[in-house]
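The values are calculated or read from the model by the stated rules, or taken from the named source; none is laboratory data. For clarity, every value in this text was computed on a predicted model and none was experimentally measured. Note: ideal-geometry Cβ built from the backbone for every residue, glycine included; neighbour counts use all protein chains shown.
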Amino acid sequence: MPALVSGRSLSALLLAFCAALSGCGSFDGASLRMTEAITPYKVEVVQGNFVASEQVKLLAPGQTRAQVRDLLGTPMITSIFHGERWDYTFSLRRKGVQSQARRLTVFFKGDAVDHFDNDPMPTEAEFVASLDTGRKVAQEPVLEANPDSLKPFAVAAPAPVAKAELPPLPASYPPLEEPKR
């Protein structure tokens, strides 16, 4: 009888082992589907200076460095070894969207723009549209004020303060140092 019990328990153990092994395959598939469904949050990485095509159209040879800085902002890259060159770079990386990278290089002769080289730049409207993630935006509140809606916030005018009479200024001031003899 003990041999029969050990045979049954051995076959039960073997059956349980086979079931566990077959379950591992389906567990791997389930865990793979789980990791695809639950992913960590990835931050959108925006680096550099965005330069719109409207700004590039305003850039012209002969402009000074100050005018270029006013138009495009501070350059992303300036080099001691290439003092006559300013580089404006921009990159945007986000999950599910192809990375964007744009570059504009301005070359100077002295203090004036000699020429510039750039990638095709999007317009400001195109760039803003590319940033749209499709998130639902709450309805924007109406932003208008009229005199009736501003009455609760009115501040009372301060009471006039009586000015105190100050003594007249002296005709001359004493010297700061003793005269030298």
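For R69, work out the one condition from (1) loosely packed, with under 10 Cβ neighbours inside 10 Å; (2) more than 30 Å from P40 (Cβ to Cβ) it doesn't fulfil.
Checking R69 against (1) loosely packed, with under 10 Cβ neighbours inside 10 Å; (2) more than 30 Å from P40 (Cβ to Cβ), the one that fails is (1).
Would you say L72 is of a type in the set (A, V, I, L, M) and either more than 28 Å from L131 (Cβ to Cβ) or modelled with pLDDT of 90 or more (or both)?
Spelling it out, L72 is indeed of a type in the set (A, V, I, L, M) and either more than 28 Å from L131 (Cβ to Cβ) or modelled with pLDDT of 90 or more (or both).
Can you find a residue that is modelled with pLDDT of 75 or more and either in a helix (DSSP H, G or I) or not β-branched (V, I, T) (or both) anywhere in region 20-32?
No, there is no match, as no residue in region 20-32 is modelled with pLDDT of 75 or more and either in a helix (DSSP H, G or I) or not β-branched (V, I, T) (or both).
Among the residues of region 124-131, are any modelled with pLDDT of 90 or more and under 16 Å from L71 (Cα atoms)?
Checked against the condition, which is being modelled with pLDDT of 90 or more and under 16 Å from L71 (Cα atoms), region 124-131 yields no hits at all.
Please name all residue pairs, on different chains or six or more residues apart, with Cβ atoms under 7 Å, provided the first residue is in region 68-96 and is without any contact (Cβ under 8 Å) to a residue 60 or more places away in the chain and the second residue is assigned to a helix (DSSP H, G or I) and surrounded by fewer than 15 Cβ atoms within 10 Å (Cβ to Cβ).
Pairs that qualify, where the first residue is without any contact (Cβ under 8 Å) to a residue 60 or more places away in the chain and the partner is assigned to a helix (DSSP H, G or I) and surrounded by fewer than 15 Cβ atoms within 10 Å (Cβ to Cβ), are L71/L58.
Name every residue in region 40-65 that is in a helix (DSSP H, G or I) and either of a type outside the set (A, V, I, L, M) or not assigned by TED's automatic domain parsing to the domain that holds D87 (or both), in order of residue number.
S53, E54, Q55, K57, R65 - these are the residues of region 40-65 that are in a helix (DSSP H, G or I) and either of a type outside the set (A, V, I, L, M) or not assigned by TED's automatic domain parsing to the domain that holds D87 (or both).
If you check S79 against the conditions, is it touching a strand residue (DSSP E or B) at 6+ places or on another chain (Cβ under 9 Å), modelled with pLDDT under 85 and surrounded by 10 or more Cβ atoms within 10 Å (Cβ to Cβ)?
Answer is yes for this residue.
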